[in-house]
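Before any comments, here is the structure.
The values are calculated or read from the model by the stated rules, or taken from the named source; none is laboratory data. Because the structure is a prediction, the values reported are computed rather than measured. Cβ: placed from backbone, ideal geometry, glycine included. Neighbour counts: every protein chain shown. Quick note on the areas: whole protein, heavy atoms, side chains included, nothing else; ligands and nucleic acids left out. Shrake-Rupley method; radii C 1.70, N 1.55, O 1.52, S 1.80 Å.
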Amino acid sequence: MKITSTFFMLLMSAIVYSQSYDIYVSDAGNFDKPPWQILKYDQQGKNPIVFINTHLNWPQDILFMEGSNTVLISNLGSGTITKHHATTGVYVSDFAKEISGPTRIKFGPDGLLYVLQWSGNGNVLRFDLEGNNMGEFTKVGVPQSIGLDWDPKGNLYVSSYKEKTIRKYDAAGNDMGIFIDSNLLGPTNIWFDKEGDLLVSDYNGTAIKRFDAQGNFRGEYITGLKNSEGIAFTPEGNILVGNGNTHSVKLFDKKGTFLKDIIANGSGDLLTPNAVVIRPKKQ
């Protein structure tokens with residue numbers, strides 16, 4: 001896989017951080033109706049402040065671009081990805097427009113920004129770091145796509161909330177068919193762990209579920225959830241999970257054992273956590 005110099009610099013910028021961090025949460029509020037906000041909490045999940053509450057429309061994901069000290073917010077309702085100052089949250093500009101309901105946004109192995117679409121043809125889009133549209137990466141769409149990750153070989157996987165499936169693409173974006181078609185009720189976030197298993201947050205279920213590298217169901221990894229969406233990892237390897245039913249963010253250890261609600265029910269007027277991001281503090 002090719003790693004661009006820009007992507008390398010983004011990776012290196014994260015390495016120089018200390019272990020202290022803040023927690024950012026996208027609050028979808030009443031989904032297609034406000035209030036909408038991006039909240040910021042300290043490392044203990046306390047002292048909430050409203051980080052962003054303008055130029056939002058059903059916000060979905062949060063992505064910091066440290067090289068330019070900006071943060072991107074995907075907005076399903078307006079079809080835009082907005083750019084804000086990473087320290088103050090002040091709106092800068094529209095990074096990208098005319099997207100059919102952008103949900104997850106993530107840097108790919110090639111250093112480009114990959115964007116999922118909730119509606120339209122459901123194809124995965126790519127943008128450069130200036131917001132220029134590089135076109136459709138896939139030609140077979142995923143309806144209501146809302147989770148993506150790459151395996152060690154560079155294959156891309158995308159979850160479909162509507163179809164309750166995970167679709168697989170090769171490193172060039174060619175369709176490789178449905179990878180998982182059972183044991184899911186409404187998948188959102190997906191990610192590969194160090195063992196090569198695929199973890200799936202099942203929004204309409206009550207668990208995060210584990211599948212092996214061939215897509216076989218291995219069981220439930222984290223239980224006791226309802227309307228789970230938004231995943232982040234602490235430097236120690238613990239896991240933060242947004243839990244919409246209780247308007248909170250839960251903390252689990254590496255083994256999936258519940259530790260506590262790190263962000264309490266309704267803290268900061270939190271309604272619907274649908275993205276959780278940790279941003280390390282600079283020394």
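Per residue, the convex hull around the alpha carbon atoms of the stretch 15-78 comes to 92 Å³.
The Cα-based radius of gyration of the stretch 167-218, divided by its Kirkwood radius, gives an Rg/Rh of 0.97. Taking Lys and Arg as +1 and Asp and Glu as -1, the other residues whose beta-carbon sits under 15 Å from that of L259 total +1. The Cβ shell under 13 Å around P187 holds other residues with a net charge of +1, Lys and Arg each +1, Asp and Glu each -1.
Label point of T223 set 7 angstrom out along Cα-Cβ; within the stretch 160-185, no amide nitrogen lies under 14 Å from it. In terms of overall dimensions, the chain has a Cα radius of gyration and Dmax of 17.3, 46 angstrom. Modelled spin labels at K153 and N238, positioned 7 Å past Cα toward Cβ, are 3.7 nm from each other. In whole Å, what is the distance between the alpha-carbon centres of the stretch 95-133 and the stretch 255-280? Computed from Cα coordinates, the inter-centre distance equals 26 Å. The mean accessible area for residues of the chain, using a 1.4 Å probe and ignoring ligands and nucleic acids, is 43 Å² per residue.
Close amide H partners of D61, meaning residues 5 or more places away or on another chain with modelled amide H under 5 Å apart, are S74.
The smallest convex shape that holds all Cα atoms of the stretch 89-222, its convex hull, gives 122 Å³ per residue. Could you work out the percent of alpha carbon pairs in the stretch 46-159 separated by over 26 Å, rounded to a whole number? In whole percent, the long-distance tail amounts to 17. Ligands, DNA and RNA left out, the accessible area of the chain computed with a 1.4 Å probe is 51% carbon and sulfur.
The helix-only estimate of mean residue ellipticity at 222 nm for the chain, built from DSSP H runs of length n ≥ 4 each weighted as -39500 (n - 2.57), is -1000 deg cm²/dmol after division by the residue total. Sites count as exposed loop sites when they are trypsin sites (Lys or Arg not before Pro), lie in a DSSP loop, and have at most 10 other Cβ atoms within 10 angstrom; the longest stretch of the chain without one is 3-152. Computed over the stretch 138-191, the P(r) tail beyond 13 angstrom holds 52 percent of alpha carbon pairs. Estimated at 0.36 nm per residue, the fully extended path between K33 and T88 surpasses their Cα-Cα distance by 17.3 nm.
Put a dot 7 Å past the Cα of D212, heading toward its Cβ, do the same for K139, and the two dots end up 3.4 nm apart. Structure note, pairs K46/K254; K40/K255; K209/K254; K255/K282: Cα-Cα distances above 18 angstrom occur for K46/K254; K40/K255; K255/K282. Quotient of the Cα radius of gyration of the stretch 140-283 and 2.2 N^0.38 Å, N being its number of residues: 1.04. For a test of the definition: using alpha carbon positions, the gyration tensor, and the 1.5 limit on a/c, classify the stretch 108-154 as rounded, prolate or oblate. Oblate is the answer for the stretch 108-154, as a/c is 1.5 or above yet b/c matches or exceeds a/b.
Label positions at V50 and S20, each projected 7 Å from the Cα along the C-beta direction, are separated by 2.7 nm. The phi-based Karplus calculation (6.51 cos²θ - 1.76 cosθ + 1.60; θ = phi - 60°) puts the 3J(HN,Hα) values of the stretch 232-238 at 8, 10, 7, x, 7, x, 6 Hz, whole numbers, x for Gly and Pro.
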